[in-house]
Amino acid sequence: MRPGVLLFFCLTVTAVAQQQTAVFEDRPALVLANDKVELTVINEGGAMAQIVLSGDKEKINPLWNPYWIARQAGLNPPTSFARGHFVCIDGFGPVSAEERAAGLTAHGEAYTLPWKLQSHLKQGNTLSAAYSVALPIAQERFTRTYHVVDGENIVWVDSAVTSLLGFDRPVFWGEHATISAPFLEPGKVAVDMPVSRSKTKAHGMQPNPTRQLQSYVDFTWPMAPTIDGQMFDVRSAPMKPNTVDHTTALLDASRRLVFVTALHLDKRLLIGWVFRREEYPWVQTWLSNPGPNRMTRGLEFATQPFDLTRADVLKNGPLFDSPVFRILPAKATITSSFLMFYTAVPEGFRKVDDVQLTGGKLVIEDRANKRTVTLAASRSL
């Protein structure tokens, strides 16, 4: 047997041997696990649907599970593809009437389609799963690889989108990272990120009678003005029941890497994302509270400040003199990388002031309370 054929045979066997197929809420899925965390990825849309700590007896999943929420409320299972952390590519928000007639869905095609598993194997101390999906309406190809390294509380995510068209175009890309009940509880969860400027969404952009925040006003993070003249701390869980609100935050341009985190103060559990500021300058905060045990909160890092149609994003133009899309050149590929971490924190840890990826470590600081969490981090961004 030729050496090249032998190598191919070994890699193929390794890929098969490492597969851990699963079912999550009646949907085919794949599990990537190490000694620290266990991640479940759904084949449909490639969503990161669940992450739990290996040593957590309660197996608390901070990511959005709309099926669990529906069961708690005695409702029928949702028909939407939205769940956990899913990608919005190409498009982040509703579609125009013409796009809808052409078959395009809100938030792009990728999260609604079955993804093809290209490889799943363990090489050294790293378990990886690579997926691809063709986007026929957008005429793009999207690939995403998840990596879990032994001894780390981190999921590393590398993505690429390739244009099949012969001209340059704007691309709209959002990472719909979302947390929900039972992790999300009133007065018990605090969200942090390095914000420079903030704004509430205009009510006219997507009318909703349940909004509580003032329409399209600047505010100093985290205190946003409400319609009744009060102030709401956007670090906290969604407001009173039967409300929906939306804000945006422009992240600190002096940083190469930025972050968004959610800390459960009582359970001392912290989930967070670290990403390149040039790729995702904005974090959209979606606050939804239909009722008890139904809270949902988006920590959506994106190329644009609000979830709008492509035409509206382009017509509105830059916000705070900052870009609202990326350019995808003709017949070319652009990439993105980020990490998601999940960890327990020590007693007294109350706020995330900074997250730094340096020297093979992810360092998370609560400066006021003199608490630091240091996680092993073998890769870089």
- Message: Show log10 I(q)/I(0) for the chain at q = 0.08, 0.11, 0.15 Å⁻¹, two decimals, from a solvent-free Debye sum over equal Cα scatterers.
- Response: -0.40, -0.77, -1.52
- Message: If each residue of separation counts as 0.36 nm, what is the full-extension length gain between T126 and N242 once their alpha-carbon separation is subtracted?
- Response: 37.4 nm
- Message: For K331, project a label point 7 Å along Cα to C-beta. Then give me every residue of region 165-190 with its amide nitrogen under 11 Å of that point.
- Response: 165-167
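How high is the relative contact order of region 235-298, given as a whole-number percent (alpha carbon pairs under 8 Å, six or more residues apart)? Intermediate values should be presented prior to the final figure.
On the way: 107 pairs, mean separation 28.6, N = 64.
This gives 45 percent for region 235-298.
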- Item | Phi to ³J(HN,Hα) by Karplus 6.51 cos²θ - 1.76 cosθ + 1.60 over region 99-107, Hz, x for Gly, Pro | 5, 4, 5, 7, x, 7, 10, 4, 6
- Ordering of 28-37, 118-127 by burial proxy (mean other Cβ atoms within 10 Å per residue, highest first): 28-37, 118-127
- Message: So, R0 is 45 Å and r is the distance between the beta-carbons of R268 and N208; what FRET efficiency does that work out to, to 0.05?
- Response: 0.85
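Given axes a ≥ b ≥ c from the Cα gyration tensor, I'd like to know whether region 226-316 is rounded (a/c under 1.5), prolate (a/b larger than b/c) or oblate.
It comes out oblate by the Cα gyration axes.
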- Message: If DNA, RNA and ligands are ignored and the probe is 1.4 Å, what is the ranking of I334, I327 by accessible area, most exposed first?
- Response: I327, I334
- Item | Derived scalar couplings ³J(HN,Hα) [region 344-359; Karplus, 6.51 cos²θ - 1.76 cosθ + 1.60; whole Hz; x for Gly, Pro] | 7, 10, x, 3, x, 6, 10, 7, 9, 8, 7, 10, 10, 9, 7, x
- Cα-projected label distance for S119 with R71, points at 7 Å along beta-carbon direction, nm: 3.6
- Query: What does the convex hull of the Cα atoms of region 188-229 come to per residue, in Å³, rounded to a whole number?
  - Reply: 103
- Step through the residues of region 299-315 one at a time and calculate ³J(HN,Hα) from phi using the Karplus curve (6.51 cos²θ - 1.76 cosθ + 1.60, θ = phi - 60°), rounding each to whole Hz and writing x for Gly and Pro. 10, 8, 8, 7, 7, 9, x, 9, 7, 10, 5, 4, 4, 5, 4, 5, 5
- Counting only Cα, what are the radius of gyration and maximum Cα-Cα distance Dmax of region 297-381, in Å? 18.0, 52
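Would you mind checking K36/K116; K57/K240; K59/K267; K199/K370; K36/K57 for any pair whose Cα atoms are more than 19 angstrom apart?
Working: K36/K116 27 Å; K57/K240 31 Å; K59/K267 12 Å; K199/K370 31 Å; K36/K57 13 Å.
Listed pairs above 19 Å: K36/K116; K57/K240; K199/K370.
Can you send over the carbon and sulfur percentage of the accessible area for the chain, probe radius 1.4 Å, protein chains only? Working shown, then result.
Details: 8470 of 16000 Å².
Here carbon and sulfur together make up 53 percent of the probe-accessible area.
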- Query: T374 to E58: extension gain in nm, 0.36 nm per residue of separation minus the Cα-Cα distance?
  - Reply: 111.4 nm
- Remind me, relative contact order of region 129-201 in percent, using alpha carbon pairs under 8 angstrom and six or more residues apart? 20
- Message: Can you tell me, using C-alpha contacts under 8 Å and at least 6 residues apart, the relative contact order of the chain as a whole percent?
- Response: 16
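The values are calculated or read from the model by the stated rules, or taken from the named source; none is laboratory data. From a predicted model like this one, the values you see are computed outputs, not experimental measurements. No Cβ is skipped: glycine too gets one built from the backbone with ideal geometry, and neighbour counts run over all protein chains shown. Only protein heavy atoms, including side chains, enter the accessible area calculation; ligands, DNA and RNA are left aside. Shrake-Rupley method; radii C 1.70, N 1.55, O 1.52, S 1.80 Å.
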